[in-house]
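Novice: Here it is: the structure, laid out below.
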Amino acid sequence: MQAMILAAGRGERMRPLTDHTPKPLLDVGGQPLIVWHIRRLAAAGFRDIVINHAWLGEQIEAALGDGSRYGVRLAYSREGTALETAGGIATALPLLGAAPFLVVNGDVLTDVDFAALRPTLAALDGERHLAHLLLVANPPHHPGGDFGLLTDGRLSANAADGIGLTFSGIGLYHPALFAATPAHQPAKLAPLLRVAMARGQVSGARHDGLWLDVGTVERLAEADAIAKGWPPA
């Protein structure tokens, strides 16, 4: 099973730290933020990982190499300029293959059990079931939430339906979701998901463990403090 880590963002809110260092390589608990994902994915059995990058991407490749030191195989999807989430995934599809895959934002810190997602990932059929998203309680910086979790496990594009929650940036996708999304062109993920949700093709689950959007200097310091108390993944 394949996984993808999204690492192409500029990290504007993290400047000046990201002026010379890509956000995924910022230190969190003694290692780059992206390495927490790589180690946890490896431990969950995801051995083939695609990383997209744009801003200072050559630093990411130089720091991580082929992934052998982490027990994985890394492939890189290079973007001249960031293509947004759907555009980045569509561009990376030749590296991801024809089977469903897991995607995680490179700028979150989480204790999600990736291994537990494998059965759901395998069940995505490309027709009735295109995606499965992990959601979290709405954080203070995003009180309105993104989607509504319904009682049958499906997701609604309206956060007022069911239980309104925030998308964690961790999702399982069938390549068919991106069939009409051109490669090498910017495209947002949310519109694709909303269309699929209206057709009942997207499920979701709530994650109540650790999840932190490392999007500001203050939250980077919070992530660093949390990670220093963890054993290596």
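The values are calculated or read from the model by the stated rules, or taken from the named source; none is laboratory data. Everything numeric in this text was worked out from a predicted model, so none of it was measured. Heads up, the Cβs are rebuilt from the backbone with ideal geometry, glycines too, and the neighbour counts pull from every protein chain shown. For accessibility, only protein heavy atoms count, side chains too; no ligands or nucleic acids. Shrake-Rupley method; radii C 1.70, N 1.55, O 1.52, S 1.80 Å.
Novice: Compute the Kirkwood hydrodynamic radius of the chain, taking the inverse of the mean of 1/r over all pairs of distinct Cα atoms, and give it in Å to one decimal.
Specialist: Hydrodynamic radius (Kirkwood, Cα only) of the chain equals 17.8 Å.
Novice: Report, in debye and to the nearest 20, how large the dipole of segment 86-233 comes out about its Cα centre when Lys and Arg carry +1 and Asp and Glu carry -1 on their Cβ.
Specialist: Rounded to the nearest 20 debye, it is 380 debye.
Novice: Looking at the P(r) of segment 79-213, how many percent of alpha-carbon pairs lie beyond 19 Å?
Specialist: For segment 79-213, the share of Cα pairs beyond 19 Å comes to 49 percent.
Novice: Can you check what the net charge comes to around R73, using other residues whose Cβ is under 14 Å from the Cβ of R73 (Lys, Arg +1; Asp, Glu -1)?
Specialist: So the environment of R73 carries a net charge of -1.
Novice: Right, next: Counting DSSP beta bridges with both partners in the chain, what percentage is antiparallel, nearest 5?
Specialist: Here the share of antiparallel DSSP bridges comes out near 50 percent.
Novice: Between rounded, prolate and oblate, where does segment 49-95 land on the alpha carbon gyration tensor, with a ≥ b ≥ c its root eigenvalues, rounded for a/c under 1.5, else prolate if a/b exceeds b/c?
Specialist: It comes out oblate by the Cα gyration axes.
Novice: Report the residues of segment 1-40 in range of a label on R118: point 7 Å along Cα→C-beta, backbone N strictly under 16 Å from it.
Specialist: Under 16 Å, as judged by backbone N against the label point of R118, lie 1-4, 39-40 of segment 1-40.
Novice: May I ask you to evaluate 6.51 cos²θ - 1.76 cosθ + 1.60, the Karplus curve with θ = phi - 60°, for each residue of segment 86-96 and list the ³J(HN,Hα) values in order in whole Hz, giving x for glycine and proline?
Specialist: Along segment 86-96, the couplings run 5, x, x, 5, 4, 5, 8, 4, x, 7, 8 Hz.
Novice: Okay, moving on. With an 8 Å Cα cut-off and a minimum separation of 6 or more residues, compute the relative contact order for segment 129-216 in percent.
Specialist: Over segment 129-216, the number comes to 41 percent.
Novice: Only four residue types carry charge here, +1 at the Cβ of Lys and Arg and -1 at the Cβ of Asp and Glu. Report the dipole size of segment 189-228 about the Cα centre in Debye, rounded to the nearest 20.
Specialist: The calculated dipole for segment 189-228 is roughly 320 debye.
Novice: Another question, then. Among residues other than L210 whose Cβ falls under 14 Å from its Cβ, what is the net charge (Lys/Arg +1, Asp/Glu -1)?
Specialist: -2
Novice: Could you tell me whether segment 35-145 comes out rounded, prolate or oblate from its Cα gyration tensor? Rule is a ≥ b ≥ c as square roots of the eigenvalues, rounded for a/c under 1.5, then prolate if a/b exceeds b/c, otherwise oblate.
Specialist: It is rounded, given that a/c, with a ≥ b ≥ c, falls under 1.5.
Novice: Follow-up. Could you list, bin by bin from short to long, the percent of Cα-Cα pairs of segment 3-94 in 5 Å steps?
Specialist: Spelled out bin by bin, segment 3-94 gives 3, 15, 26, 25, 21, 9, 2, 0 percent.
Novice: Now a separate question. Quick check on segment 81-121: take the gyration tensor over C-alpha atoms, sort the square-rooted eigenvalues as a ≥ b ≥ c, and tell me if it's rounded (a/c under 1.5), prolate or oblate.
Specialist: oblate
Novice: Arranged from highest to lowest average of other beta-carbon atoms within 10 Å per residue, in what order do the peptides 141-150, 167-176 appear?
Specialist: Going from most to least packed, we get 167-176, 141-150.
Novice: Something else: Using the charge dipole of the chain (Lys, Arg: +1 at Cβ; Asp, Glu: -1 at Cβ; taken about the Cα centre), state which of A223, L96, L134 has its Cα farthest towards the positive end.
Specialist: Checking the options against the dipole of the chain, the answer is L96.
Novice: Using Cα-Cα distances under 8 Å and only pairs 6 or more residues apart, what relative contact order does segment 1-113 have, in percent?
Specialist: It rounds to 39 percent for segment 1-113.
Novice: Rolling a 1.4 angstrom probe over the protein heavy atoms, how many square angstrom per residue are accessible across segment 118-233?
Specialist: 49 Å²
Novice: Size of the dipole of segment 1-142 about the Cα centre, Lys and Arg at +1 and Asp and Glu at -1 on the beta carbon, nothing else charged, in debye to 20?
Specialist: Computed about the Cα centre, the dipole is about 180 debye.
Novice: Given the -39500 (n - 2.57) contribution per DSSP H run of 4+ residues, what per-residue ellipticity at 222 nm results for the chain, rounded to the nearest 500 deg cm²/dmol?
Specialist: For the chain, the value works out to -7500 deg cm²/dmol.
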